[in-house]
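Visitor: Input: one structure, supplied below.
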């Protein structure tokens, strides 16, 4: 496993990280939020606050690391395909990229003592919008095209731990740092030979730190109740704004501002019976006082996410064969995004299906397909129909195990 870690780190340092996204609504705020990470939880519609996965690394609730049974390393990838529609036309967009590197070290199974660290995509910004333009200058009519393109997002680097102080209770905490770059470029090009092009480019470097706390209560052997809370965290934005055209030299201005990412609360429950686990989640965060990257016709509001998931556990018996050894999951999710446009809320519905394939020993491949829709074509807005492929490969090993001592 140690050799595998070195190979994965080499891949990560030679690849373009965190290019997934694909939503034109990601231009608002800090972008599209990723409250969960990994194909295992994507397959459950994001249900994760109290959902046990012995071989998954849970990023929603750090207390759930106490459910892990071995040391693991996980590498993820996502690919997105979107159909963007308004009242006049349709446009296909697609993109993909690595989704993060997570590690978990199981120190003591009996005590539920685990340590986890890694980095993953916390927000995504990836949009491309074009609109025809027509202006009158000096008695002459000019026509052209304005293109607005944005990319980037926030990468979260974290370190945390979990432990069971008593059999029925697990607690966990993590500290994280947010870092990233969001780029917005507006370019106008006129078709006439005597016209010129202009552009505006904004680069926002983002940084900040924060904490997250979680707990998991197990009042019955097959029932889990979980919660997490992430207090408001700081966000520092270093802005570099450049104006330019084909006629004059570029002009650049720099500024720095501080914001607060609002607090987040998550609640969840799961129930295990036979080969099946059923789970429900609710997560909320109030962005109504958030002011970064605001627009005149956009009002920030509360983000709410509701999800449910069902998992069929794979048969790990030595006599099990074929598809019986696979795990299968179904999920559904409904979100109120944290902004309203022209007074209209942007809602999102999605459904997902995924499976876990044991490869060899404790290695696993997880794959999930998610299909959904967000937005509306009313009031000049856009509707996005999307499909997403999430994949993870994880490798497990026992690094810390008890051994017998003998004395002569």
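The values are calculated or read from the model by the stated rules, or taken from the named source; none is laboratory data. Quick caveat, the model's predicted, so the values are computed rather than measured. Cβ atoms come from the backbone with ideal geometry, glycine included; neighbour counts cover every protein chain shown.
Visitor: Does segment 82-93 contain at least one residue that is modelled with pLDDT under 90 and surrounded by 20 or more Cβ atoms within 10 Å (Cβ to Cβ)? Working first, answer last.
Guide: Step one: of segment 82-93, the residues modelled with pLDDT under 90 are 82-93.
With the extra rule that they be surrounded by 20 or more Cβ atoms within 10 Å (Cβ to Cβ), the set shrinks to 82, 84.
Yes, some residue in segment 82-93 is modelled with pLDDT under 90 and surrounded by 20 or more Cβ atoms within 10 Å (Cβ to Cβ).
Visitor: Would it be correct to say that residue 329 is buried (at least 17 other Cβ atoms within 10 Å of the Cβ), out of contact with any helix residue (DSSP H, G or I) (no Cβ under 6 Å at 6 or more places or on another chain) and modelled with pLDDT of 95 or more? Full working, then the answer.
Guide: Details: buried (at least 17 other Cβ atoms within 10 Å of the Cβ): yes; out of contact with any helix residue (DSSP H, G or I) (no Cβ under 6 Å at 6 or more places or on another chain): yes; modelled with pLDDT of 95 or more: yes.
Here the answer is yes, as residue 329 does meet what is asked.
Visitor: Something else now. Just a yes or no: is a residue in segment 247-254 assigned to a strand (DSSP E or B) and within 30 Å of residue 193 (Cβ to Cβ)? Spell out how you get there, then give the answer.
Guide: Step one: filter segment 247-254 for residues assigned to a strand (DSSP E or B), giving 251-254.
Next, only the ones that are within 30 Å of residue 193 (Cβ to Cβ) stay: 251-252.
The answer is yes; a qualifying residue exists.
Visitor: What is the one condition in (1) in a strand (DSSP E or B); (2) exposed (fewer than 15 other Cβ atoms within 10 Å of the Cβ); (3) without any contact (Cβ under 8 Å) to a residue 40 or more places away in the chain that residue 193 does not satisfy?
Guide: Only one criterion in (1) in a strand (DSSP E or B); (2) exposed (fewer than 15 other Cβ atoms within 10 Å of the Cβ); (3) without any contact (Cβ under 8 Å) to a residue 40 or more places away in the chain is unmet by residue 193, namely (1).
Visitor: Quickly run through segment 97-114 and pick out the residues that are outside any strand (DSSP E or B) and crowded, with 19+ Cβ neighbours inside 10 Å. Break it down into steps so the answer makes sense when it comes.
Guide: Initially, segment 97-114 is screened for residues outside any strand (DSSP E or B), giving 109-112.
Correct list: 112 only.
Visitor: Does segment 220-233 contain any residue that is touching a strand residue (DSSP E or B) at 6+ places or on another chain (Cβ under 9 Å), touching a residue at least 12 places away in the same chain (Cβ under 8 Å), farther than 25 Å from residue 36 by Cβ and assigned to a strand (DSSP E or B)? Outline the logic, then answer.
Guide: Pass one, segment 220-233, residues touching a strand residue (DSSP E or B) at 6+ places or on another chain (Cβ under 9 Å): 220-233.
Next, from what is left, pick out any that are touching a residue at least 12 places away in the same chain (Cβ under 8 Å): 222-233.
When the remaining residues are screened for being farther than 25 Å from residue 36 by Cβ, the result is none.
Checked segment 220-233: no residue is touching a strand residue (DSSP E or B) at 6+ places or on another chain (Cβ under 9 Å), touching a residue at least 12 places away in the same chain (Cβ under 8 Å), farther than 25 Å from residue 36 by Cβ and assigned to a strand (DSSP E or B).
Visitor: Next question. Looking at (1) at pLDDT 95 or above; (2) within 28 Å of residue 131 (Cα to Cα); (3) over 23 Å from the mean Cα position of the chain (by Cα), which one does residue 252 not meet, given that it meets all the others?
Guide: (1)
Visitor: Return yes when residue 304 is surrounded by 20 or more Cβ atoms within 10 Å (Cβ to Cβ), modelled with pLDDT of 90 or more and under 18 Å from the mean Cα position of the chain (by Cα) and no when it is not.
Guide: no
Visitor: Something else: Among (1) in contact with a helix residue (DSSP H, G or I) (Cβ under 6 Å, 6 or more places away or on another chain); (2) surrounded by fewer than 16 Cβ atoms within 10 Å (Cβ to Cβ), there is one condition residue 75 misses while meeting the rest; what is its number?
Guide: All conditions are met except number (2).
Visitor: What is the residue count in segment 21-41 for residues that are farther than 25 Å from residue 234 by Cβ and either buried (at least 24 other Cβ atoms within 10 Å of the Cβ) or modelled with pLDDT of 90 or more (or both)?
Guide: Going through segment 21-41 one residue at a time, the tally reaches 6.
Visitor: Of everything in segment 114-142, what is more than 30 Å from residue 382 (Cα to Cα) and more than 26 Å from the chain's Cα centre (by Cα)? Give them in sequence order.
Guide: 137, 138, 139, 140
Visitor: Here is a further query. If we keep just the residues of segment 346-381 that are in contact (Cβ under 8 Å) with a residue 40 or more places away in the chain and exposed (fewer than 14 other Cβ atoms within 10 Å of the Cβ), which is nearest to the chain's Cα centre (by Cα)?
Guide: Taking segment 346-381 as the starting set, the residues that turn out to be in contact (Cβ under 8 Å) with a residue 40 or more places away in the chain are 346, 350-356, 358, 362, 364, 366-368, 370, 374-375, 377, 380-381.
Checking which are exposed (fewer than 14 other Cβ atoms within 10 Å of the Cβ) leaves us with 351, 377, 380.
Values: 351: 16, 377: 25, 380: 28 Å.
Among residues in segment 346-381 that are in contact (Cβ under 8 Å) with a residue 40 or more places away in the chain and exposed (fewer than 14 other Cβ atoms within 10 Å of the Cβ), the one nearest to the chain's Cα centre (by Cα) is 351.
Visitor: For the condition within 24 Å of residue 253 (Cβ to Cβ), in contact with a strand residue (DSSP E or B) (Cβ under 7 Å, 6 or more places away or on another chain) and surrounded by 15 or more Cβ atoms within 10 Å (Cβ to Cβ), what is the one hit in 205, 144, 160, 118?
Guide: Details: 144 fails: within 24 Å of residue 253 (Cβ to Cβ); 160 fails: within 24 Å of residue 253 (Cβ to Cβ); 118 fails: within 24 Å of residue 253 (Cβ to Cβ).
Of 205, 144, 160, 118, the one residue that is within 24 Å of residue 253 (Cβ to Cβ), in contact with a strand residue (DSSP E or B) (Cβ under 7 Å, 6 or more places away or on another chain) and surrounded by 15 or more Cβ atoms within 10 Å (Cβ to Cβ) is 205.
Visitor: While we're on this one: Residue by residue through segment 246-282, note down the ones that are in contact (Cβ under 8 Å) with a residue 12 or more places away in the chain, over 20 Å from residue 307 (Cβ atoms) and loosely packed, with under 14 Cβ neighbours inside 10 Å.
Guide: Scanning segment 246-282 gives 246, 247, 252, 253, 254, 255, 256, 257, 258, 275.
Visitor: Residues of segment 66-81 being under 19 Å from residue 395 (Cβ atoms) and at pLDDT 85 or above, which ones? Give the steps one after another, and end with the answer.
Guide: Keep residues of segment 66-81 that are under 19 Å from residue 395 (Cβ atoms), which gives 67-77.
Correct list: 67, 68, 70, 71, 72, 73, 74, 75, 76, 77.
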